[in-house]
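Report on one structure; see the data block that follows.
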Amino acid sequence: LGGKGESPSSSVLPEPDRPARLFLCSNATGAFKVEPLAHFSQSDLEEGDVYLLDVGNAVFVWVGSEANELEKGMAAETAASYVALEGYSADTAVLTVKSGSEPPIFTSHFLGWDASRAKVFLDPYEAKLAKAMAEQEAAQAAEEEARAASAAAKADAVAKAEAERASKASSGAPDGDPFEDDEPEPPPPPPP
């Protein structure tokens, strides 16, 4: 429909004609460098860097959760240049994968991939929002605690006042007259 050609019949990429290759993309030395890693494994993927994984029929850009913006941008540009340099078809897929959200089509190229070791990518804006919400909830909890403490103090004061009234009532003092003294009134002055 719509003249866009046939849809792929499979969600799995075809088998490549050579082994996968992993490249480290980093500016840790002050200059952006791309270095191949031989005999790579999951432990080679460091959170502070970006990597290119060439699987022959697609190129993955793996983004570590602590990678800087320069590495992220340069790795995307490098992936596009790499596809052209290797002579791959212009429609070769370049897929971005975030740390902790690796799909099986990516992890299948790492022998013994352990999903529990993968660090989940945390968007810095989501982290700030979560922190702000936690601070707001803590402030609301402190406010509610202060209200509860104030209500408890008022309840204690009322209970104490009632206990004093009850004590006076049992000792014979009239009930409910807060102005009554325990001392008798002085006699009236003599007439002039």
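The values are calculated or read from the model by the stated rules, or taken from the named source; none is laboratory data. Please read all numbers here as calculations on a predicted model, not as lab measurements. When we count neighbours, we look across all protein chains shown, and the Cβ atoms used for this are built from the backbone with ideal geometry, even at glycine. In case anyone asks, the SASA skips ligands and DNA or RNA and just uses the protein heavy atoms, side chains included. Shrake-Rupley method; radii C 1.70, N 1.55, O 1.52, S 1.80 Å.
Data for the structure
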quantity	calculated
Search result, residues across the range 54-86 that are over 21 Å from ALA28 (Cα atoms), open to solvent by 60 Å² or more (accessible area, probe 1.4 Å) and assigned to a loop (DSSP other than H, G, I, E, B)	GLU86
GLY64 vs. criteria over 27 Å from the mean Cα position of the chain (by Cα) and of a type in the set (Gly, Ala, Ser)	no
Qualifying positions in the range 54-66 - under 13 Å from SER99 (Cβ atoms) and in contact (Cβ under 8 Å) with a residue 24 or more places away in the chain	PHE60, VAL61, TRP62, VAL63, GLY64, SER65
Filtered residues of the range 90-108 (kept if in contact with a strand residue (DSSP E or B) (Cβ under 7 Å, 6 or more places away or on another chain) and open to solvent by 60 Å² or more (accessible area, probe 1.4 Å))	VAL94, LEU95, THR96, LYS98
Checklist (1) surrounded by fewer than 20 Cβ atoms within 10 Å (Cβ to Cβ); (2) within 26 Å of the chain's Cα centre (by Cα) applied to GLY30, failing item	(2)
Boolean, SER116 is part of a helix (DSSP H, G or I), without any contact (Cβ under 8 Å) to a residue 24 or more places away in the chain and within 22 Å of HIS39 (Cα to Cα)	yes
The range 81-105 residues that are at positive phi, paired with ones that are open to solvent by 60 Å² or more (accessible area, probe 1.4 Å) (beta carbon under 6 Å, 6 or more apart)	GLY100/LYS119; GLY100/VAL120
Any hit, the range 43-53, residues being modelled with pLDDT under 90 and touching a Gly at 6+ places or on another chain (Cβ under 8 Å)	no
Unique residue being out of contact with any His (no Cβ under 6 Å at 6 or more places or on another chain) and either in contact (Cβ under 8 Å) with a residue 24 or more places away in the chain or of a type in the set (Val, Ile, Thr) (or both) when the list is GLU47, GLU77	GLU47
Residue selected from the range 115-151 under the condition at pLDDT below 85 and over 30 Å from SER41 (Cα atoms), by the criterion nearest to the chain's Cα centre (by Cα)	ALA130
